[in-house]
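The structure under discussion appears below in the form of structure tokens.
The values are calculated or read from the model by the stated rules, or taken from the named source; none is laboratory data. Since this is a predicted model, take the numbers as computed values, not measurements. Methodologically, a virtual Cβ is constructed for each residue, glycine included, from the backbone with ideal geometry; neighbour enumeration extends over all protein chains shown. Side chains included, ligands, DNA and RNA excluded: accessible areas come from the protein's heavy atoms. Shrake-Rupley method; radii C 1.70, N 1.55, O 1.52, S 1.80 Å.
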Amino acid sequence: MTEPPERPEPLWLVAANVVRWRRYGELGREFRPGTKAFRGGAKVYVVDTYAGMGSEQLTVVGHGRHNGRWITIDTGTRHLHTFRARLVYSPAVIRRCAGAPVRTREEAAELAERLERIARLGRDTHHGAPHPDPCLCHSCEGLSPG
């Protein structure tokens, strides 16, 4: 009789949601739902950041837009919101996070706060033009806490 596969140890990761609408195009006058890889509102887990780039790009794991399978992809921090520390038990996510830095709850919470500030700043300054009226972007919808 074979033994069931051993469950991996849970990891503290930063979870976030993809913005429902993002500004797009010349001066950010158009809107696109979610991102090319993820639906708006999808939950993703941050695997790693690119500190040399000011954490403006992240490697994330989440269910893909088109086939619903787990994918690992680099995306802009400004396309995510509501960063928070979460203890992850999913073997599929943990497998894709192999080699990622192991964090404590406090470290994950601190990273989540920093990424939230970076994302808010990126959404507000990326296009460098006033928001169109009416605006559907995450900042104007009032979904962002604080």
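Observations, loosely collected:
- Under 5 Å, built H, 5+ apart or other chain: amide partners of L80: V19
- A simple spin-label model places pseudo-atoms 7 Å from Cα toward Cβ; at H66 and E9 they are separated by 3.8 nm.
- Carbon + sulfur, % of accessible area of segment 1-107 - ligands and nucleic acids excluded, 1.4 Å: 50 percent
- Assuming charge only on the beta carbon of Lys and Arg (+1) and of Asp and Glu (-1), the dipole of segment 16-84 about its Cα centre is about 380 debye to the nearest 20.
- Net charge dipole size for segment 1-122 [Lys, Arg +1 and Asp, Glu -1 on Cβ; Debye, nearest 20]: 660 debye
- Charge dipole magnitude, Cβ of K and R +1, D and E -1 - segment 71-130, Cα centre, debye nearest 20: 160 debye
- Förster-model FRET efficiency, 22 Å R0, M53 and E110, C-beta, rounded to 0.05: 0.70
- Computed with a 1.4 Å probe over protein heavy atoms only, the accessible surface of segment 1-106 comes to 60 Å² per residue.
- Overall form of segment 1-105 per C-alpha gyration tensor (a/c, 1.5; a/b vs b/c): prolate
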